[in-house]
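Student: Supplied in C-alpha cells, the structure appears directly below.
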Amino acid sequence: MNPQDVIIEQVGMALETFQMAAEALDTLIEQTSEVMTDCLINDGKIAVCGMGASGATGAGFANRMLSRFERDRPGLPALMLSSDGIMTSAIAHDSGPGDIYARQVRAFCHAPDILLVISSTGSASALIKAIQAAHEQGVCVVALTGGNGGDVATLLDDNDIELRVESDRLGCVQLTHHMILNCLVELIENAIFGDEL
C-alpha cells in the first residue's frame, strides 16, 4: 500500500467512525453534558483518568475545562488525576500499580463529583479499581470506551454513563473520544455561560 492509500484509508476510517458516533451517541452525549453541568453547578468537579494515549486525551479535556476551549470564560473545575511518575510510583510501591487512581479517587472525589474514565480497550486494572473506588464514594462514573466496552463496561451501574465507540481500531476510537470530549466541553460552556461571554 502506498503512502497516499494509507492516508486515504486512515482518514476514511476516522470519518466513518465519527459519523457512526454522531448517529449512535448524539442523545447520550447531550445527556452526559447535562449530568456534567449539574455536577458543576452544584459545586462538584470532574476528575479524569486514563492510561497512555487515553490519559493524554483526558488531560486535554481537563485543560480545556479549566483553561478555555473556543472562547474566554471562567475556569471550570476539572482535574486530571495525577499520572506524575513520583506520585504513581509511590502509590504503586505502597499499594500496588492497580491503585494509582483508586487512592486518588478516595482522597479527592465525593458526591456530586463525576469520575470520567477514558479507555479504548476497557481492560486496565487501574481504571477498573478507580471505578470501584468511585462507587464506594457515591461518585457517578462517565466512561468513554471502545470495542465491546471491556471490563470497564461490566462495572458500570444504572447511575453511570457509557459512551462506547464501537470500533476495534484503537486510533479511530481515540480520535472519536477526543471529538466527543470537545462536544462535551462546548455543550457545558453553552449551558453554564450561554451567550454572556
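All of the numbers you see were taken from the coordinates with simple rules; none came from a lab. Since we're looking at a predicted model, the values are computed, not measured. Neighbour counts are summed over all protein chains in view; Cβ atoms, including those assigned to glycine, are modelled from backbone coordinates with ideal geometry.
Student: For Leu187, Leu181, what's the fewest-to-most ordering of other Cβ within 10 Å of each Cβ? Write out the running numbers ahead of the final one.
Tutor: Numbers: Leu187 17, Leu181 24.
Result, fewest neighbours first: Leu187, Leu181.
Student: Taking 0.36 nm per residue of separation and subtracting the Cα-Cα distance, what length does fully extending Arg106 through Ser89 add?
Tutor: 4.4 nm
Student: Same structure, new question: Using every pair of alpha-carbon atoms in the stretch 104-152, split the distances into 5 Å bins beginning at 0 and state the percent of pairs per bin, rounded to integers.
Tutor: 5, 25, 32, 21, 13, 4, 0
Student: Would you mind computing the Rg to Rh ratio of the chain from its alpha-carbon coordinates, Kirkwood style for Rh?
Tutor: 0.98
Student: Under a Cβ-only charge scheme (Lys and Arg +1, Asp and Glu -1), can you give me the dipole magnitude of the stretch 3-193 about the Cα centre, in debye to the nearest 20?
Tutor: 620
Student: Next question. Give me the mean projected area, in nm² to one decimal, of the convex hull enclosing the Cα positions of the stretch 118-183. Write down the numbers at each step before the final one.
Tutor: On the way: hull surface 16.9 nm².
Reported value for the Cα convex hull: 4.2 nm².
Student: Still on this model: For the residues Met51, Met13, what sequence is obtained by ranking on other C-beta atoms within 10 Å, fewest first? It would help to have the intermediate numbers written out before the result.
Tutor: Details: Met51 21, Met13 15.
Fewest-to-most Cβ neighbours within 10 Å comes out as Met13, Met51.
Student: Continuing with the same structure: Quick one: length gained pulling Leu15 to Ala191 fully straight, 0.36 nm per residue minus the C-alpha distance?
Tutor: Separation in residues times 0.36 nm, less the Cα-Cα distance, equals 60.6 nm.
Student: Along the charge dipole of the chain, pointing to its positive end and built from +1/-1 on Cβ of Lys, Arg, Asp and Glu, which listed residue (Ile188, Thr37, Gly52) has its Cα farthest out?
Tutor: Going by the Cα projections, it comes out as Gly52.
Student: Please arrange His177, His110, His135 by how many other C-beta atoms lie within 10 Å of their C-beta, fewest to most.
Tutor: His110, His135, His177
Student: Moving on. For an R0 of 22 angstrom, estimate the FRET efficiency from the Cβ-Cβ distance between Ser67 and Thr27 and round to the nearest 0.05.
Tutor: 0.15
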